[in-house]
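Following: one structure in structure tokens, then a few remarks.
Read-outs: derived from the displayed coordinates by stated rules, not from any lab. Treat the numbers as computed from the prediction; the structure is a model and nothing was measured. In this analysis, Cβ positions are derived from the backbone assuming ideal geometry, glycine residues included, and neighbour counts consider all displayed protein chains.
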Amino acid sequence: MTSRRCGASRRRLLWTLALLAIPGVSRAAPDPCKLLTPTQVTAALGATFAAGEPIGTTGCSWTSASPHVIVTVSLWPPEGWDRMKGSPLPGSSITPAGGIGDDAFYATLAQYTVLYVKKGKTVFLLKVYGVQDQAKQMSAEKTLALEALGQL
């Protein structure tokens, strides 16, 4: 990866992580770090993951050392669902993800794919970083989303 692409990737990641800290998620929202266990993340991705680490009050991140893979879950206010689904970022594509919650879709921008899930009044985004094969990444995101939905 060139240093320019790496820098852009880091900026996108930092931007995403900053957004995770925005208040506005319902007080009754679940604890994002309790949506998945390290065992579930390990089973889905085939690497050993430590316990989830909070990202602000609305997100959680699980990390493996080797291979270096990061899984993030972030909660969003349900009022924003229609806007998220109906107004994708320029240059991104939306792919429906059937069989997950009440509604779900993948949003892809360049090499980044994020799974958006809505179940009742809970909306969350699930992202797997570090998996080079997009089909494997999307499969892992779906598996983990289904596990997380079991905690709601």
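Taking other Cβ atoms within 10 Å as a rough exposure proxy, Ser61, Ser87, Ser139, Ser74 sort from fewest to most as Ser87, Ser139, Ser61, Ser74. Charges were assigned to the Cβ only: +1 to each Lys and Arg, -1 to each Asp and Glu. The resulting dipole of the stretch 24-135 about its Cα centre is roughly 180 debye.
Peptides 41-47, 88-94, 125-131 ranked from most to least packed, by the mean per-residue count of other Cβ atoms within 10 Å: 125-131, 41-47, 88-94. Spin-label model, Thr37/Ser139: points 7 Å from Cα along the beta carbon direction are separated by 2.4 nm. Note on Phe105, Phe124: ascending count of other Cβ atoms within 10 Å places them as Phe105, Phe124, the fewest first.
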